[in-house]
Structure formats: C-alpha cells, structure tokens
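One structure below.
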Amino acid sequence: MHRRYFVLISLFFILTIPARAQRPDTLLSLSALLQEALQANPALQAARLQAAARATRPTQVGALPDPSFEAGYRPLAIGDVEGLAPASALLMQRVPFPGKLGLEAEAARLEAEATAREADALALRLAYALRTTYYELYRLQETRRLIEDFQARLRAFAEAAAVRYEVGQGSQAAVLRVQLEQHRLSRQLLDLQGAWRARYAQLIQLTGRTDLPDTARLAPPEPPTLLPSIPLAEAFRRHPEALALRIREDRARTLIRRARREYWPDFVVGVGLMDMMRMNQPVAPLSALRDRFAIRVGVVLPLQRARRSARVEEARLEARTLASRYRDLRNLFESRWRALEARFAADRANLALLEQTLIPEARTTREALLSAYTTGQASYLDLLDAERALFELERQRVDTITRLLVTQAEAEQLLGLLPENINQTGE
C-alpha cells in the first residue's frame, strides 16, 4: 500500500514538471548558417564566377578582328630584262559595317548583367532552401522533445498502472494500453531520427560545411506575426528573376538590330608595297616608294539573304518568348502572393486558437483529471487520453509555427529580399 502512494506522488511530480532535455554543446544559428552558405555554397560560387566571366565578353566581341599581313616573292620573273624580281608586302584589316561591333558588345554586356541577376536569384533560392531546412530540423527537434517528455510521463503511467493492477484496483488492459502507447512513441522517435539525418545532410550540402556536429541544437526562431509589407508591383520589378528576363528581352531586341546590320557589307582595307626588289641594282631611295605604295579596298558581299532573314526571325521570336515568360512570371508572382497571404492568415488564426484556447484548456483538463485520479475519482484511461490530447495539441502548435516560418521565408523569396537584407531570427 505504501508503494502505491509513493507511485501516485511520483506520478504527480512527473506530470507537472516537464522533462529537462540535455543541452548539447553546439548551438547553431540560422543567421550564421546563412552567411556561411552565401559564402561557401559551391553552386552559388559557380554562378558568381560565371557572371564575372561573362562580364569580360563585351571587350572581346567589341574589338576589331586582328589584321592580316601578306608577303609574296616571285624569284622567276617572266620577261625580266633588267633583273626585276617582283615582291610584295600587304597589311589587311577587315572592318565590320558601322554599328555591328557596338551592338555585339551591348548584347554581351546585357548577357553578363542577366547572368549576374540569375546568380542573385540563385542566392534567394539558396536562402529559402536553407531556411526551410533549418525550420524543418527545428520542428523535428521540438517534436522529439515533446515525445521524450510524453515518454517520461508514460513511464510513470506504466508504473502506476502496474501498482493499481497488483492491488486489484486496475485492469491489465490499462497496462497494455500504456505499453502500446510507448511502442508507438518509440517508432515515432525512430522515424524522427531518420528524417533528422536526411535533413541534416541537406543542411550540410547547402552550407558547404562538412564539420557540423550531428548533436547540434538549433536556436529557436521567432514565430512571425506579419508578412513583409512591400508594394507588390515594386517588388516584382526589382526581383532578380524578373530583372533577368527583362534584361534578356533587351538583349534579344539588341540582337534583332544586330542581325539587321548583316544585310550591310563589311569592308576590307589594306596598305602595302609592290615590286620592292630589283636584282643587281642598289636599293632605291625613299622617294621611290610613291611608285610602289598601294592601297586596297574590298567589300564582303552579303549575298546569303535567306540566312540573314532567318537570324532576324530567330532573334524576334526569342524576344517574344522572353516577353511571354515575363508576363507568366508576373501572373505566377501575384497568384503565389495571394496564396501565401491566405495560408499565413489561416495558420496565424490556428496558432492563436491553439495558444489561447485549446492548449490552456487541455492543460486545465489534464491537471483536473490528475487530481481526480490521485484521489480515485477518475479512471486511468481518462488521464491517459487527456495527456495524449495535450501532447497532440502541443505537436500541432510546433507544426503550425513551422508552417508560418516557411511561409515567411517563401514570401521574402517571392518579394526578392536579398539574403543579406533579410532580418533573420534565431541569433
């Protein structure tokens, strides 16, 4: 009989005092992980390097082609009475039609700028992926804590049920019920462990770090109360993906003008000296160069008009394609924002209901049944159901907070907030 009262008193303290989880040494911060990812992620580094490489192309394509030098000598001169051996030296330069090189340089500059904006868009996607991974890991961490606290209570339940069964005041079904609940929670912990490892591997891949300890603890992020208040039209105009499409459309229109210049001929100009060598005679003075100096001018005839027309049409279709993609992105932008607002409002209402009504009521019910159970006025199964209901509500609260954080991260990515400008939590 004394053992029974000892167990009931122990059960009371275990149910009213939450279990204290062991605190690992390493605490991971979301803002620190973001900074590391934006500096060390290989995919983002490659995108930045590609943009830097493209920035060198305007100088390359805007320069004149290298000139050519030609030299000739005919040692066997036909009809040479005075020992004349014809020789020549010619310097030639191809000059594209005016405007061609400038338009090519402008197209290359726009390509480099679009590539840089695409790298910015990749940084946004990287930040979003890292934040959602962090939030999911935090959800798993908190869910594991709730399960471990519930398991501690179930151990007290199991001992109390066994004592009541021994003294003839309980049933074996109650003992079996607790054991089944413990097995169910153990399976959930195993599933959480597998999900944690998979998400943690993704976190390592995103940050580019391989030294993150598996036993790290995540700093709790602050649940958001509002979505960013930025004018939607302004946010879309400066969004990196939208900017990249607009720049590429400008590039396509530049290529249209460049393709139309192909209908005009390029020029070839050259200067040289002819018949420079006379055998068995002294070298002629410089004044004699006027008899040997020559100027050449040539024209590259643009005869392949079908090919040039196809190039103009290709550039025109590319510009129309990019304009359509820009309009589609704008429509997607607006529809996603409306969906995010609706989802955020629903989750905020759900969180308020959980924190202000359901969880306090569940705790009150649990405490009342605990008091009634210790005095023999409530059944064991009623107390177990109340404890399980509170556990499920607290788990729903963690899931709802995670959805709010993910929605906030998606909204900031949609609005084009660059990672270095995002006000991160979890410091």
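General observations
- Sites SER309 and ARG187, calculated FRET efficiency, Cβ-Cβ separation with R0 51 Å, nearest 0.05: 0.15
- Environment charge of ALA345, counting only residues whose C-beta is closer than 14 Å and scoring Lys/Arg +1, Asp/Glu -1: +2
- Cα gyration tensor category, rounded, prolate or oblate, for the stretch 196-280 with a/c compared to 1.5: oblate
- Between ARG316 and ALA389, the contour length at 0.36 nm per residue exceeds the Cα-Cα span by 19.9 nm.
- Förster radius 35 Å - calculated FRET efficiency between LEU232 and GLN396, Cβ distance, rounded to 0.05: 0.65
- Across the stretch 331-393, Cα-Cα pairs more than 20 Å apart make up 49 percent of the total.
- The stretch 341-420, accessible area per residue, ligands and nucleic acids excluded (1.4 Å, Å²): 43 Å²
- Computed extension gain for TYR73 through LEU180, at 0.36 nm per residue and net of the alpha carbon distance, reaches 28.3 nm.
- Sites ALA294 and ALA53 - FRET efficiency at Förster radius 45 Å, r taken between beta-carbons, to 0.05: 0.60
- If you bin all the Cα-Cα distances of the stretch 307-427 at 5 Å, starting from zero, the percentages per bin are 2, 9, 11, 11, 11, 9, 8, 7, 7, 6, 5, 4, 2, 2, 2, 1, 1, 1, 0, 0.
- For the pair VAL268 and ARG325 in one chain, pulling the backbone fully straight at 0.36 nm per residue adds 16.3 nm over the alpha carbon distance.
The values are calculated or read from the model by the stated rules, or taken from the named source; none is laboratory data. Treat the numbers as computed from the prediction; the structure is a model and nothing was measured. Heads up, the Cβs are rebuilt from the backbone with ideal geometry, glycines too, and the neighbour counts pull from every protein chain shown. In case anyone asks, the SASA skips ligands and DNA or RNA and just uses the protein heavy atoms, side chains included. Shrake-Rupley method; radii C 1.70, N 1.55, O 1.52, S 1.80 Å.
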